[in-house]
Amino acid sequence: MNRDYEGAPDGMVMEVSGASYVVISEDGTEYRCRTFPGTKTENGDSSLVAVGDRVELKVIETGTALYEAAITLVLSRRSALTRKRDVRRNRSKEKVQVIAANIDQLVVVVSAFDPPLSTRLIDRYLVFAESEQMDALIVVNKMDLEDSEETRELMAPYNTLGYRIVYTSAEEQCGMEVLHEALAGKLSAFSGHSGVGKSTLINQLSGQDRLRTGETNMKTGKGLHTTTNSVMLALPGGGYIIDTPGIREFNLSGITRENLRFYFREFLMSMQECAYSSCSHTVEPDCGILKAVEAGRIDPNRYESYLAIYESID
Ligand SMILES: Nc1nc2c(ncn2[C@@H]2O[C@H](COP(=O)(O)OP(=O)(O)OP(=O)(O)O)[C@@H](O)[C@H]2O)c(=O)[nH]1
Ligand SMILES: [Mg+2]
Ligand SMILES: [Zn+2]
């Protein structure tokens, strides 16, 4: 046997840039990799290789080229965070573009201020996470900029619903221990509105300074979308994090007017009381959800989010 081709280390894809991949093997070695026409996949038509993918490698003779290993097999994905297909830019034949694979939890990052906290946006993310059967963790960053009590009050309904919330200030290094603990041993995808501080948090968590951070636009209060591609970073205490684009880029085709109701946890109980089994909870008489809202069992703000998302789907 050729000694240079010995061994088929398994690894996880840490970085994708063009046709080049960085894979970390189980023993912690990083390989610069490429695919080849014989690369096999267990994931059908979707992106061949994405960040978070488990792959099998064949080490290439050292010193020959830019690449140290070839990806021979991409293993079946447990979960996939996918992107809306941009027809203009995506000339390949892949049907679904995968941002990241095998994610354990979606970390919804919002800021207490600048940009202001939007529960409407949180609800959109939570609906998405529920539809993908992904755990969600909510991080409220920039706690140094806003009254802490008011912010916690605004977030209280999510506590009641059983979503985990971590309050941080990346600027003042507050809440970072709790956040570390919530991320340990997991593969977490960070997402949220531009400018909320995702890259700043990730840089601090990883103890590296690999992600670019940006100033928020002074006029609009919105960030400038500094982050464009996905890179995974290892946490010193175990676990991995990846910075992803915002929800506008996500493929939301799994959410329909018919199934939206199932992604609001608190609706499940009251739904059984609707007069019509196919009740949309918008205009129907004798609606269990509307009654629950009136009785204060369902947060009116959450119901408003339901209506807003319902209206945005056609
Ligand atoms: N006051 C305060 N500012 C922060 C905090 N965290 C981040 N910032 C600032 O907010 C701005 C945006 O931070 P980024 O980390 O680039 O935000 P992002 O979410 O990665 O933005 P995109 O990459 O555009 O999606 C930067 O100027 C940061 O310095 C915080 O906890 N408090
Ligand atoms: Mg960023
Ligand atoms: Zn109803």
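The values are calculated or read from the model by the stated rules, or taken from the named source; none is laboratory data. Computed from a predicted structure; not experimentally measured. Cβ sites come from the backbone with ideal geometry, for glycine too, and all protein chains shown count toward neighbours.
Picking from residues in segment 53-69 that are modelled with pLDDT under 95 and not aliphatic (A, V, I, L, M), the one that is surrounded by the most Cβ atoms within 10 Å (Cβ to Cβ) is Glu68.
Selection of segment 212-247 for residues being at pLDDT 85 or above and either on the phi > 0 side of the Ramachandran plot or exposed (fewer than 14 other Cβ atoms within 10 Å of the Cβ) (or both) yields Pro236, Gly238, Gly239. Looking only at segment 229-251, residues that are β-branched (Val, Ile, Thr), assigned to a loop (DSSP other than H, G, I, E, B) and touching a Gly at 6+ places or on another chain (Cβ under 8 Å) come to 0 in all. Restricting attention to segment 144-159 and to residues that are of a type in the set (Ser, Thr, Tyr) and under 21 Å from Glu172 (Cβ atoms), the residue that is modelled with the highest pLDDT turns out to be Thr151. Tyr125 meets the conditions (1) assigned to a loop (DSSP other than H, G, I, E, B); (2) under 30 Å from Val49 (Cα atoms); (3) of a type outside the set (Lys, Arg) in every case but one. The failed one is (1).
Can you work out which of the residues in segment 279-294 that are in a loop (DSSP other than H, G, I, E, B) and near ligand 3 (Cβ under 9 Å from one of its atoms) is surrounded by the fewest Cβ atoms within 10 Å (Cβ to Cβ)? Only one residue tops the list, namely Asp286.
Remark: pairs (first residue in segment 139-166, free of Cβ contacts under 8 Å to residues at least 60 places away in the same chain and assigned to a helix (DSSP H, G or I); second residue more than 16 Å from ligand 1 (Cβ to nearest atom) and of a type in the set (A, V, I, L, M, F, W, C); Cβ separation under 7 Å; 6+ apart in sequence or on different chains) are absent.
Annotation: of all residues in segment 249-261 being more than 19 Å from Ser278 (Cα to Cα) and modelled with pLDDT of 85 or more, the one that is surrounded by the fewest Cβ atoms within 10 Å (Cβ to Cβ) is Ser253.
Of the listed requirements (1) more than 26 Å from Ser79 (Cβ to Cβ); (2) more than 18 Å from the chain's Cα centre (by Cα); (3) polar (S, T, N, Q), Thr168 misses just one: (1).
Provide a single number: the residues in segment 266-278 that are surrounded by fewer than 17 Cβ atoms within 10 Å (Cβ to Cβ) and in contact with a helix residue (DSSP H, G or I) (Cβ under 7 Å, 6 or more places away or on another chain). So the count comes out to 2. Based on what the data block shows, is Ile309 at pLDDT 95 or above, buried (at least 19 other Cβ atoms within 10 Å of the Cβ) and among the aliphatic types (A, V, I, L, M)? Against the criterion (at pLDDT 95 or above, buried (at least 19 other Cβ atoms within 10 Å of the Cβ) and among the aliphatic types (A, V, I, L, M)), Ile309 qualifies. Could you check, for segment 70-79, whether at least one of its residues is more than 26 Å from the chain's Cα centre (by Cα) and at pLDDT below 95? The answer is yes; a qualifying residue exists.
Among residues of segment 177-198 that are touching a residue at least 12 places away in the same chain (Cβ under 8 Å), those with a Cβ under 8 angstrom from a residue that is aromatic (Phe, Trp, Tyr) and near ligand 1 (Cβ under 9 Å from one of its atoms), sequence gap 6+ or separate chain, pair up as Lys198/Phe190. Quick check, is Lys198 basic (Lys, Arg), at pLDDT 85 or above and within 16 Å of ligand 2 (Cβ to nearest atom)? Against the criterion (basic (Lys, Arg), at pLDDT 85 or above and within 16 Å of ligand 2 (Cβ to nearest atom)), Lys198 qualifies.
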